[in-house]
Amino acid sequence: MIEIKNLTKQADNKLILRGVDLRVEKGETVAILGPNGAGKSTLLKVLAALIKPTSGQVLVNGLELKKNHIEIKKLLGYLPHSSLLYDHYSPLENLVFFGNIYGVKDVEQKAIKLIKEVGLSFFLNEPVKNFSRGMIQRIAIARAIVHDPEVLLLDEPHTGLDQGAISILNNVILSMKEKGTTTLMVTHDFKQAAEICDRVIIVKNGKIVDDFKIENRNLGYVSGKYELQMEGVS
Ligand SMILES: Nc1ncnc2c1ncn2[C@@H]1O[C@H](COP(=O)(O)OP(=O)(O)OP(=O)(O)O)[C@@H](O)[C@H]1O
Ligand SMILES: [Mg+2]
């Protein structure tokens with residue numbers, strides 16, 4: 001469970017987040033939509049404990065992030081815009097490296113299984129630097145989940161993926177949801193948001209301007225709500 005209370009983030013005299021309040025229950029899959037520069041990635045970085053908020057509070061499973069960030073980081077899987085992979089390492093080496101940081105048991109077997117799941121078994125031992133963008137994104141997804149995180153923070157995870165990889169990713173998110181994983185996914189891809197998320201928040205100018213449930217994978221409903229906000233009508 002994630003609770004965010006009156007969160008602000010200021011950088012270079014600019015207020016990027018202006019008082020964000022949000023509560024996400026365990027097992028919820030939430031899409032974060034909003035225009036470029038709205039503050040979506042910044043919000044995810046604060047949750048991933050990569051940057052400190054200027055004010056406000058973040059609680060994960062009732063623990064305050066500020067005071068327990070090492071403990072909380074173990075619960076998080078974060079997929080940023082950049083892959084966080086080591087270029088000269090193979091997929092297997094990358095996953096084993098990250099898995100070891102998190103103390104994953106039988107890490108090599110786990111890594112091989114995940115690499116297979118994202119469809120890259122043939123490239124197990126090739127350095128990542130030779131990979132295409134979509135291949136890197138597939139491995140980055142595997143890296144983000146190697147330690148079975150309770151909370152997944154995904155920043156535009158579908159970018160660069162082909163149709164096959166999109167369904168692999170969606171299945172990963174849905175099967176983790178079944179295990180109780182909570183997911184926050186920043187995306188510009190409304191179709192994927194409607195496909196896999198049960199709730200949408202819209203961020204504009206550093207604030208949450210709408211927050212609603214999606215039923216029956218209703219893409220039109222999501223687009224309609226979004227357009228209303230972009231027109232400035234509430
Ligand atoms: N470290 C920083 N210093 C100064 N300004 C920053 C910093 N990080 C982000 N910003 C600014 O904060 C605003 C929000 O950035 P953010 O990356 O969170 O947007 P976003 O909603 O993820 O946009 P996009 O859809 O383009 O990814 C932007 O105007 C950006 O220039
Ligand atoms: Mg962003």
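Only one of L43, L7 is touching a residue at least 60 places away in the same chain (Cβ under 8 Å) and within 16 Å of ligand 1 (Cβ to nearest atom). Can you tell me which?
L43
For the stretch 85-133, what are the residues that are part of a loop (DSSP other than H, G, I, E, B) and exposed (fewer than 14 other Cβ atoms within 10 Å of the Cβ)?
Correct list: D87, H88, G103, K105, D106, N125, S132.
Go through the stretch 173-210 and give me each residue that's in contact with a Gly (Cβ under 7 Å, 6 or more places away or on another chain), of a type in the set (D, E, K, R) and closer than 15 Å to E25 by Cβ.
Within the stretch 173-210, just K177 meets the criteria.
Can you tell me which of (1) within 23 Å of T182 (Cβ to Cβ); (2) at pLDDT below 95 is the one I136 doesn't meet?
Looking at each condition in turn, I136 falls short on (1).
Among the residues of the stretch 10-40, how many are near ligand 1 (Cβ under 6 Å from one of its atoms) and either at positive phi or free of Cβ contacts under 8 Å to residues at least 40 places away in the same chain (or both)?
Within the stretch 10-40, residues that are near ligand 1 (Cβ under 6 Å from one of its atoms) and either at positive phi or free of Cβ contacts under 8 Å to residues at least 40 places away in the same chain (or both) number 7.
Among the residues of the stretch 14-50 satisfying the criterion of being farther than 14 Å from L153 by Cα and β-branched (V, I, T), which is surrounded by the most Cβ atoms within 10 Å (Cβ to Cβ)?
So, considering only residues that are farther than 14 Å from L153 by Cα and β-branched (V, I, T), the one surrounded by the most Cβ atoms within 10 Å (Cβ to Cβ) is V20.
Taking the criterion of being of a type in the set (A, V, I, L, M, F, W, C), under 26 Å from V60 (Cα atoms) and modelled with pLDDT of 95 or more, would at least one residue in the stretch 154-162 satisfy it?
yes
All but one of (1) within 22 Å of A194 (Cβ to Cβ); (2) of a type in the set (A, V, I, L, M); (3) assigned to a helix (DSSP H, G or I) hold for V30; which doesn't?
Just one mismatch for V30, condition (3).
Only one of L169, L174, L153 is in a helix (DSSP H, G or I) and surrounded by 15 or more Cβ atoms within 10 Å (Cβ to Cβ); which?
Checking each option against the conditions leaves just L169.
The values are calculated or read from the model by the stated rules, or taken from the named source; none is laboratory data. All values reported here derive from a predicted model rather than from experimental measurement. Positions of Cβ are generated from backbone atoms using ideal geometry, with glycine treated the same way; all protein chains shown enter the neighbour counts.
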